[in-house]
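Structure, as structure tokens:
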Amino acid sequence: MHIHKLEKFWIYLSFVAIAFFIGTVVYGFTVMELKVIDKENTLDPDRINETRFGNPGVYEAAEGSDAEYEVYVKTIQFAFQPGTSQPITVPANTRITFYITSPDVLHGFDVVGTNLNTMAIPGQVAKFTTIFPEVRSYGIVCNEYCGLAHHFMEGSINVVPKSEFDQSYLVQ
Ligand SMILES: [Cu+2]
């Protein structure tokens, strides 16, 4: 069977593109050590209230942590706790580690205008550490379809000057 040389070119090119895309995935999971599911950060979604997610919010980080504060966020249909009914208040220019999970269905936690974006998977705890350099507020949206009121699921992060951040913002 004769295959036209341009046809051949595009067939080869599509294989090269597929090999390249597989290569980027392999590179991400090996060299960059990206993880989709981390076995160390699992929890039973039915017993979430026995952990800090039962009383979510901002905590002082434990000694030896590389962050100063830890924020526990529970994502539910259709709210971030905290985040939706009251903002997550954190100090600027401070290392903050977020822990995010869901007791019900898959949600997203996307801080608008930043590269902070994670899934909240029932049974898994997503974790990331960041510094907010500016005093301002950020919106949070859920970017995983989670039910009929998904499009109403939003919240906010309020970054305040470090000098104004005190114990009253912590979980009591
Ligand atoms: Cu959603």
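Of the residues making up the stretch 117-132, those that are part of a loop (DSSP other than H, G, I, E, B) and open to solvent by less than 30 Å² (accessible area, probe 1.4 Å) number 3.
Restricting attention to the stretch 74-116, the residues being open to solvent by 10 Å² or more (accessible area, probe 1.4 Å), more than 13 Å from the ligand (Cβ to nearest atom) and under 24 Å from residue 35 (Cβ atoms) number 7. Scanning the stretch 61-71 for residues that are open to solvent by 30 Å² or more (accessible area, probe 1.4 Å) and at negative phi yields 62, 63, 65, 66, 68, 69.
Does any residue of the stretch 74-85 turn out to be of a type in the set (Phe, Trp, Tyr) and closer than 15 Å to residue 154 by Cβ? Yes; the residues of the stretch 74-85 include at least one that is of a type in the set (Phe, Trp, Tyr) and closer than 15 Å to residue 154 by Cβ.
Count of the stretch 144-172 residues, restricted to those that are open to solvent by less than 60 Å² (accessible area, probe 1.4 Å) and under 18 Å from the mean Cα position of the chain (by Cα), is 9.
Applying the set (1) assigned to a helix (DSSP H, G or I); (2) under 19 Å from residue 171 (Cβ atoms); (3) among the acidic types (Asp, Glu) to residue 46 leaves exactly one unmet item: (2). For residue 49, the conditions (1) open to solvent by 40 Å² or more (accessible area, probe 1.4 Å); (2) touching a residue at least 24 places away in the same chain (Cβ under 8 Å) all hold with the exception of (2). Inside the stretch 134-155, residues that are within 16 Å of the ligand (Cβ to nearest atom) and polar (S, T, N, Q) make up a count of 1.
The values are calculated or read from the model by the stated rules, or taken from the named source; none is laboratory data. Predicted model only: the values in this text are computed from it and were never measured. Because the Cβ atoms are built from the backbone with ideal geometry, glycine has one as well, and the counts that use them run over all protein chains shown. Surface areas here come from the heavy atoms of the whole protein model, side chains and all, with no ligands, DNA or RNA. Shrake-Rupley method; radii C 1.70, N 1.55, O 1.52, S 1.80 Å.
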